[in-house]
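These notes are about the structure you will find just below.
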Amino acid sequence: MRNLFDIEENTIYKPLAEKMRPEILDDFVGQEDVIGPNTPLRKMIEQDCITSMIFWGPPGVGKTTLAKIIAKKTNSFFKQLSAVTSGVKEIKEIIEEADYNKSNGRKTILFVDEIHRFNKAQQDAFLPYVENGDIILIGATTENPSFEVNSALLSRSKVYVLNTLTKENIIEILKRVIEKENKENEIKISIDNKSLEIIAEISNGDARSSLNTLENILNITPIKDSKKKIDEKFVRKSLQNKMFIYDKNGEEHYNLISALHKSMRNSDPDAALYYLARMLEAGENPLYIARRLIRFSSEDIGLANPSALVQATSAYEAAHYLGMPECNVNLAQAVVYLSVSPKSNSLYNAYENVKIDAKNTTHIKVPLNLRNAVTKLDSDLGFGADYQYAHNYDNKITNMQCLPDELVGKKYYYPSNLGKEKGIKEELAMIAKIKKSKKD
């Protein structure tokens, strides 16, 4: 009996998406703004003068593929880490190998998938090796690197934004794969344009997802006269409950998030849960939804229930650590909590009003009494003069003027009578009464 390790590599199963991964820039579909002819990155690759970089974009847009193409084009060793499964041991082994490669005049490209999942200490571990040129780091992230990648590492890397692939991009990829399959196999594939459009639509701009879908369909397509014929009817039947026509960047995307937001605002947890499920089951990024919940917690609830913001941010953290499908119940918990919370848009209105004055009064200086006198000159100029330290007064309140003269009497925050804001309203009334008595 043959040992598994004696089997030739080309006999081992590879998913269609992996088997058909492009290996040269000319075969790479999409991202023309980043890697098209005469773009800076393309020139850097062709001239073999690349530096560390971060690819930011949704799943299936070519981050890993592009990193592999760069390594091959620049004749570099390619090493890959996943932030989900790799630890210090794996990083150390790769660094040692990179050091050996460097001593022999070869570059090492270290591709870190989901780099945002590495903590600060783990990300910092790459810094000296990036600075010394031991490795060229290419990180991939689906999250905004400004928030998820350490500033020190970010300052040493160029960020390239890879956008969701268009439906036309996906169709082109599918056609190329089918053409290649027909050249390499005796059994030919015949598929109509409508079928390709359906597969492209449900892939949501994710090339890997589209190829996995195509592969599943091919696996169940009967062979007749050495041909697999696929039409629209067969595709729809094959996909069945996976037929979510949902464009993450299109109209339905915004319709559903709007429906979720307005259902929570109207205190309707059932409708809110429905629209949440519509998005999650169609493949929406759970972190996008979580970010919208954080916004909602302050825009539509605010101080009527300050815990709403805590609940929403906790849901974001849960979604970040767990991912789908496990985080669906965390988001559901937040959605229901926000739906049944007392509502107030007082904070939203306050900021919308105050920002108008803020933009129109940029010429107004901060009152002298509110400035810190750091130097003798500051004191001579009156900085801090007449400042009243609240803790030295009864009730920790003074009648000191804080707004500039031009805005005295302006009021922006008007708390509602709902939830905890009712108490805040009473507190503000008491504060105003105390200030008036001290002024009198």
GNM top mover of Val366, Val61, Val354 - the chain, alpha-carbon springs below 10 Å: Val366
So, R0 is 30 Å and r is the distance between the beta-carbons of Ala358 and Glu427; what FRET efficiency does that work out to, to 0.05? 0.75
Can you give the helix-only mean residue ellipticity at 222 nm for the chain, where every DSSP H stretch with n ≥ 4 adds -39500 (n - 2.57) and the sum goes over all residues, rounded to the nearest 500 deg cm²/dmol? -15000 deg cm²/dmol
How large is the convex hull of the Cα atoms of the chain per residue, expressed in Å³ as a whole number? 239 Å³
Rounding to the nearest 10 and keeping the result within 0 to 90°, find how far the Cα-based axis of helix 167-184 lies from the longest principal axis of the chain. 20 degrees
Once all Cα-Cα distances of the range 187-342 are split into 10 Å bins that start at 0, what whole-number percent is in each one? 11, 33, 25, 16, 10, 4, 1
Pop out the ³J(HN,Hα) list for the range 14-25 in order, Karplus 6.51 cos²θ - 1.76 cosθ + 1.60 with θ = phi - 60°, rounded to Hz; leave Gly and Pro as x. 10, x, 4, 4, 7, 5, 9, 4, x, 10, 10, 4
Taking the Cβ of Ile230 as the centre, find all other residues whose Cβ is under 14 Å away and add up their charges (Lys, Arg: +1; Asp, Glu: -1). +4
Relative contact order in percent for the range 279-356 (Cα pairs under 8 Å, 6+ apart) equals 39 percent
Quick check: the distance between the Cα centres of the range 369-440 and the range 321-341, to the nearest angstrom? 40 Å
Kindly write out, for the range 27-32 in residue order, the coupling ³J(HN,Hα) from the Karplus curve 6.51 cos²θ - 1.76 cosθ + 1.60 (θ = phi - 60°), rounded to whole Hz, with x marking Gly and Pro. 8, 7, 9, x, 6, 4
Give me the lysines in straight-line cross-link reach of Lys120: C-alpha distance below 28 Å, same-chain residues under 8 apart excluded. Lys63, Lys68, Lys79, Lys89, Lys92, Lys102, Lys107, Lys158
Give me, ordered by chain and number, the residues 5 or more places off Leu81 or on other chains with an amide H under 5 Å from its own placed amide H. Phe111, Val112, Asp113
Long-range amide H contacts for Ile230: which residues qualify at under 5 Å (H placed 1.01 Å from N, peptide plane, sequence gap of 5 or more or a different chain)? Ser190, Ile191, Asp192
Please build a GNM for the chain, connecting alpha carbons under 10 Å apart, and tell me which residue among Gln311, Gln123, Gln401 fluctuates the most. Gln401
Rh_Kirkwood(the range 275-334) over Cα pairs, Å, one decimal, evaluates to 11.3 Å
Would you look at the GNM of the chain, springs on alpha carbons closer than 10 Å, and say which of Tyr316, Tyr412, Tyr389 moves the most? Tyr389
Name the shape class, rounded, prolate or oblate, that the alpha-carbon gyration tensor gives for the range 162-234, where a ≥ b ≥ c are the square roots of its eigenvalues, rounded holds for a/c under 1.5, and otherwise prolate holds if a/b is larger than b/c and oblate otherwise. prolate
Percent of Cα-Cα pairs more than 21 Å apart in the range 297-440, please. 63 percent
For the range 12-92, alpha-carbon Rg over 2.2 N^0.38 Å: 1.19
Per-residue ³J(HN,Hα) for the range 67-79, Karplus 6.51 cos²θ - 1.76 cosθ + 1.60, θ = phi - 60°, Hz, x for Gly and Pro: 4, 5, 5, 4, 4, 5, 5, 9, 6, 10, 5, 10, 10
Total charge dipole magnitude, the range 306-371, about the Cα centre, Cβ charges on Lys, Arg, Asp, Glu only, Debye to nearest 20: 440 debye
Taking the Cα centre of the chain as origin, sum charge times position over the Cβ atoms of Lys and Arg (+1) and Asp and Glu (-1), and report the length of that vector in debye to the nearest 20. 800 debye
Taking Cα pairs closer than 8 Å and at least 6 residues apart, the relative contact order of the chain in percent is 11 percent
So how far, in whole Å, is the C-alpha centre of the range 196-215 from the one of the range 32-82? 23 Å
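Read-outs: derived from the displayed coordinates by stated rules, not from any lab. Note that the structure is predicted; figures quoted are calculated from it, not measured. Positions of Cβ are backbone-derived with ideal geometry, glycine not excepted, and every protein chain shown enters the neighbour counts.
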